[in-house]
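Undergrad: Before we start, here is the structure in question, set down as structure tokens.
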Amino acid sequence: MHIAEGYLPPVQAAAWFAVSAPFVVHGSRALVRQVRRDPESKLLLGAAGAFTFALSALKIPSVTGSCSHPTGTGLGAALFRPPVMSVLGGIVLLFQAVLLAHGGLTTLGANIFSMAIVGPWVAYAVFVLVRRLGGSLEVGIFLAAGLGNLATYCVTSVQLALAFPDPATGLLGAVAKFGGIFAVTQIPLAISEGLLSVLVIRLLARI
Amino acid sequence: MTAHNGRWRLRHPGEKAFLAFGLLACAVALPTWPGAVLSGGTAAALLLGPARVSAVVLLRAARVPVLFVTTSAVPLLVAVQPSGGVSWNPNGAGEALTATGRALAALLCLLLFSATTPLSDVIPRLRRLGVPAAVTEVAGVTYRMIFLLVDSLRTVREAQAARLGYRSWRTAYRSLAGQAAAVFVRAFARARRLEEGLALRGYAGSLAVQVEPRRVSPGFVAATLALLAAVVVASLRLRGPS
Amino acid sequence: MTDVLLRLSGVEFAYDSARPVLTDVTVDVETGRRLAVLGPNGGGKTTLFRLAVGALAPQAGHVEVAGKPVRRTRAGLLALRQRVQLVLQDPDDQLFSASVRQDVSFGPLNLGLSDTQVRQRCDEALTALGINALAERPPHLLSYGQRKRVAIAGAVALRPQLLILDEPTAGLDPAGVEALLHTLDDMQTTGTTVMMSTHDVNLAFRWADTVVVVSGGGARTMPVAEALADAALLAGAQLAPAWAPLVHRLLDRLPGLDGARPRSATELAALLDAMGGAG
Amino acid sequence: MTDVLLRLSGVEFAYDSARPVLTDVTVDVETGRRLAVLGPNGGGKTTLFRLAVGALAPQAGHVEVAGKPVRRTRAGLLALRQRVQLVLQDPDDQLFSASVRQDVSFGPLNLGLSDTQVRQRCDEALTALGINALAERPPHLLSYGQRKRVAIAGAVALRPQLLILDEPTAGLDPAGVEALLHTLDDMQTTGTTVMMSTHDVNLAFRWADTVVVVSGGGARTMPVAEALADAALLAGAQLAPAWAPLVHRLLDRLPGLDGARPRSATELAALLDAMGGAG
């Protein structure tokens, strides 16, 4: 659910940077603290970032025929916690923009907000909530990954709607339009990501 | 990546960032016609001309983002009525064209940067922009490991396909989970082994490396300034006094 | 010929069109052969294998299995993969399950076999590789040599007619190499044709009957003795000569020994010991 | 002796106390030697190396470098790493940076050298390994053999007196092995002592002057010719005999050739060709 380079008008692109910045700065501080406590964790964090990137290179067969990929943020957030995920996610989004032209630099702020901030926080909150309510690890992971993915998709739809409001019905109509067109791929994908994350956790639990 | 053997490889990354991001700013901030067209066109001309990036490479790099941009433009063609019905948006074609044009121009500017600038030149220099060393160093390790992991991912997938892992939806899901788990295990095993391997080279917490000095060419910077000014002036002129 | 299991004819392939890897490769693999594939790194051995199992599509030429051209459809590839299996060099690229048995069962399960059949295939493969005792262990805690065996078992569980191994002896110690060759011998006697790449010309001489030399974009297939006696061919493929054929030439000069044909240093040592004191 | 660069005496080590890897190892590495370390997988070769560079602490016995016991403090290890460097088998375990030159600069920077000195060390190491042309490339665009060279350059940049290489020829093709041996020869002539593990007894015979056989928890050091002539020793360490010493015995039986001592198959081929038609 990357917003492509140049797709947002300049003021909005800048605004999303402003919204994301505090989260990324807070995450960087958390990361610097962690690294100071345990210098060796740099390599582990690097591995975590690379793993997140690699997850987004997983090609999930999707109903529309084309291939789509998971955001990986749900699993990441459950494993590494949201503040650190905002930095790692930011790094990954930057690399995706520069290495793959997937997303972009002007839209980095918006993409960080949807994928590296909202997705992970929603996933983490869902995970904690499910566990507190006595749900199993697997249910927690499924809902966290699935809803984290859905939250990312909703935020992206709103971001696009803000940039291109509907001529007749404004923001709401535009949210419906963008949401509708991406729902075809995103809702099955969110379920897929949930299922996949459960399978991964199952495999890892046994290892 | 062509960035590592391109003609502009040894230029200071700051120069290239100034040029590419300057054009990117023009593409996004100036009116799409003619601002984005001029900036995008300039970026394309620079890529194919002085930077000598081949058209094949550019087309390959642009394929996926272009697909995405065009998909995102489809909703602009229609309007949603308060009743819930959908009708043609009379201004939709223009709006979609504007958004697509701006995005394509911006994409070319992004490629101007990424196809000429190796990230190895960029990541350590981010410190000078105030990014904490811990973050640049983690980014550096991430960069290195991405290639190792994406490579294993591809190989694991191929090995699974050979063992009929993608025969049906059910087997495909099992295979995908296996891929993710295998890569997860590999990522952290790699990190542990790398830690040991680097300890042998004296690693004690800092992953600092020596960055090759690159001289900023005043000529290049001046030419960039002139070019950006020309794009801005030409855009405003062509659009005419309003 | 009816017994050509796999045929690549006039195959071309390039990952990057500026630097083709294979320009015109024709290889016939006959049933029952022991093929060693030799050639420099980056010369196209692995590419050849990936073409043979349908992981890559040739850009020209075609691949035939058991006399029929391989169609790159779902059904075509399915048929190919049940006949031809490739084991990659790095076992870690093939093992992703939580236990050895689970990993080996991956292929048979994908075939849609019944539980009993899957179990039977697994047991058979584990036995063939001599790793029954490891069945319940997690693969990533095994030694490198053991992981290699598990990866081979995963391929064997699909009961391929042709088993292709990419550098199977790399990283194994001499005892591990011996054990692997022994296993391959057993599989050969039960009807599997085996093809492997190696850098070790001495090993190729000892194990193979036929050699495919892949270099400079082409491939030449010939009997092992002929290939390893061809100094120009070896030099062209950046290969060192093998010891055994040279030793045979030396033995021909020794009266009474001109029939002796040791294939390994161990056999030569035995021969020398039998000859008694240093003449 | 004053020229013992590295000494392990009475060293014991176990990762898991139920299965000790090394029970009583004494090895002296003298300056200028070419040591090949032979032994089965899991026999303790890598453990021995990791003890020698202070990555592991012996559970009994001690390790001395240049006559002084190794202290496993920060300063002690830093001093040790300037004398002894270990290059691991998998280059990807030691390369972390986005460019070759940056990666090679890592070690010298850890020594706290000045910018100029770091640059000089890098240039020197890149030249020694013949990879100046790769300096600006990222490791992921290099071949396996090239990455191995970069990893070695990373160690060489610390100007060690003793360079230890774990299976440096594994995965290289014959041409790659030749090139590496050539590089090591050059380093030896400029004063670096080199020690490597290998599974290839033929290579050990050709390259080494001294052999350390590690097996059954112990280690024996002896001249290469003596070690490779000792059938019981080789069998005990699960090693195959090497061809060359056997060929020498064979040559001794041929009149007029008893002085010939080919060390490689290539040399034997040249000798046979010089002798003319098959007698």
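Undergrad: Remind me, relative contact order of chain B in percent, using alpha carbon pairs under 8 angstrom and six or more residues apart? Display every interim value, and only then the final one.
TA: Numbers: 211 pairs, mean separation 77.0, N = 242.
Over chain B, the number comes to 32 percent.
Undergrad: Okay, next question. Out of B:SER83, B:PRO31, B:ALA44, whose Cα points farthest toward the positive end of the dipole of chain B (charges: +1 Lys, Arg; -1 Asp, Glu; placed on Cβ)?
TA: Checking the options against the dipole of chain B, the answer is B:ALA44.
Undergrad: Quick one: dipole size for the range C:4-241, taken about the Cα centre, charges +1 on Lys/Arg Cβ and -1 on Asp/Glu Cβ, in debye to the nearest 20.
TA: Dipole about the Cα centre, nearest 20: 700 debye.
Undergrad: While we're looking at this one, here's another question. Nearest 20 debye, what's the magnitude of the dipole of the range B:131-200 about its Cα centre given +1 on Lys and Arg Cβ and -1 on Asp and Glu Cβ? Write down the numbers at each step before the final one.
TA: Values: 11 positive and 5 negative charges, 98 e Å.
Using Cβ point charges on Lys, Arg, Asp and Glu, the range B:131-200 gives about 460 debye.
Undergrad: Tell me the distances, shortest first, between D:PRO69 and the same position across the other copies, using label points 7 Å along Cα→Cβ, in nm to one decimal.
TA: For D:PRO69, the other copies' label points sit at 7.7 nm, shortest first.
Undergrad: Oh, and also: Mean separation of Cα pairs under 8 Å and 6+ residues apart, divided by the residue count of chain D: what relative contact order is that in percent? Could the numbers behind the result be given before it?
TA: Working: 480 pairs, mean separation 62.6, N = 279.
Taking the mean separation of contacting Cα pairs over the length of chain D, I get 22 percent.
Undergrad: Now, a different point. Could you pull the Rg and Dmax for the range B:131-200, using just the Cα atoms, both in Å?
TA: When restricted to Cα atoms, the range B:131-200 yields Rg and Dmax of 15.4, 47 Å.
Undergrad: What's the minimum Cβ distance from chain D to the axis relating it to C, in whole Å, and which residue gives it?
TA: Whole-Å result, nearest residue of chain D to the axis: D:TRP243, 2.
Undergrad: Within a 10 angstrom radius of each residue's Cβ in B:87-99, how many Cβ atoms of other chains show up on average? Whole number is fine. It would help to have the intermediate numbers written out before the result.
TA: Details: counts 2, 0, 4, 1, 1, 3, 0, 0, 2, 1, 0, 2, 8.
So the per-residue partner count for this stretch is 2.
Undergrad: Can you tell me the equivalent ellipsoid semi-axes for chain D? Use √(5λ) from the Cα gyration tensor, largest first, whole Å.
TA: 33, 26, 16
Undergrad: Lys/Arg Cβ at +1, Asp/Glu Cβ at -1, dipole of chain A taken about the Cα centre: which of A:LEU147, A:VAL11, A:ILE187 is farthest positive-ward?
TA: The residue sitting farthest along the positive end of the dipole is A:LEU147.
Undergrad: Related question: Each residue of the range C:61-69 in order: what ³J(HN,Hα) in whole Hz does its phi give by Karplus 6.51 cos²θ - 1.76 cosθ + 1.60, θ = phi - 60°, with x for Gly and Pro?
TA: x, 8, 10, 10, 10, 6, x, 10, x
Undergrad: Oh, and also: What residue among B:GLN179, D:THR73, B:SER120 has its Cα farthest toward the positive end of the dipole of the protein assembly as shown, where the charges are +1 on Lys, Arg and -1 on Asp, Glu, each on the Cβ?
TA: Farthest towards the positive end: B:SER120.
Undergrad: Let me ask something additional. Which whole number gives the average count of other chain Cβ atoms within 10 Å of the Cβ atoms across peptide B:63-69?
TA: 5
Undergrad: Per residue, how big is the convex hull around the C-alpha atoms of the protein assembly as shown? Give it to me in cubic angstrom, could you?
TA: 193 Å³
Undergrad: I've got another one for you. Determine the dipole magnitude for the protein assembly as shown: charges of +1 sit on the beta-carbon of Lys and Arg, -1 on that of Asp and Glu, nothing else is charged, the reference point is the Cα centre, and the result goes in debye to the nearest 20.
TA: Dipole magnitude for the protein assembly as shown comes out near 3100 debye.
Undergrad: Once you order the gyration tensor axes a ≥ b ≥ c over the Cα atoms, which shape class does chain A get: rounded for a/c under 1.5, otherwise prolate or oblate by comparing a/b with b/c? List each step's numbers first, then the result.
TA: Details: a/c = 1.70, a/b = 1.23, b/c = 1.38.
Note, shape of chain A comes out oblate.
Undergrad: Counting helices only, and only those DSSP H runs with n ≥ 4, report the 222 nm mean residue ellipticity of chain B as the sum of -39,500 (n - 2.57) divided by its residues, in deg cm²/dmol to the nearest 500.
TA: So the helix-based figure for chain B works out to -22500 deg cm²/dmol.
Undergrad: While we're on this one: Is the range B:173-221 best put as rounded, prolate or oblate by its Cα gyration tensor, with a ≥ b ≥ c the root eigenvalues, rounded for a/c under 1.5, and otherwise prolate when a/b is larger than b/c, oblate when not?
TA: It comes out oblate by the Cα gyration axes.
Undergrad: Just how far, in whole angstrom, is the range D:204-279 from the range C:140-157 if you go by their alpha carbon centroids?
TA: If we compute the Cα centre of each part, the gap is 34 Å.
Undergrad: Work out the mean other chain Cβ neighbour count within 10 Å for the residues of C:168-180 and drop it here as an integer.
TA: Neighbouring Cβ atoms belonging to other protein chains average 4 per residue here.
Undergrad: Right, here's the next one. Quick one: what are the phi-derived ³J(HN,Hα) couplings along the range B:63-75, Karplus 6.51/-1.76/1.60 with θ = phi - 60°, whole Hz, x for glycine and proline?
TA: These are the phi-based 3J(HN,Hα) values: 4, 5, x, 5, 4, 5, 4, 5, 4, 5, 7, 4, x Hz.
Undergrad: If you don't mind, another one. Taking only DSSP H segments of four or more residues, each worth -39500 (n - 2.57), what value at 222 nm results for chain D once the sum is divided by all its residues, to the nearest 500 deg cm²/dmol? Before the final figure, lay out the partial values.
TA: Working: 11 runs with 112 residues, N = 279.
My calculation for chain D gives -12000 deg cm²/dmol from helical runs alone.
Undergrad: When each copy gets a label point 7 Å from Cα toward the beta-carbon at D:GLY10, what are the spacings between them in nm, shortest first?
TA: Here the equivalent label points are 7.6 nm apart from this one.
Undergrad: I would also like to ask the following. Apply the Karplus curve 6.51 cos²θ - 1.76 cosθ + 1.60, θ = phi - 60°, to the phi angles in the range A:9-14 and return the couplings in whole Hz, x for Gly and Pro.
TA: x, x, 5, 5, 4, 5
Undergrad: Assuming a ≥ b ≥ c are the square roots of the Cα gyration tensor eigenvalues, decide whether chain B counts as rounded (a/c under 1.5), prolate (otherwise, with a/b larger than b/c) or oblate. It would help to have the intermediate numbers written out before the result.
TA: Working: a/c = 2.42, a/b = 1.21, b/c = 2.00.
It comes out oblate by the Cα gyration axes.
Coordinate-derived values only; no laboratory data. Small disclaimer: the values here were computed from a predicted structure and weren't measured. Cβ: placed from backbone, ideal geometry, glycine included. Neighbour counts: every protein chain shown.
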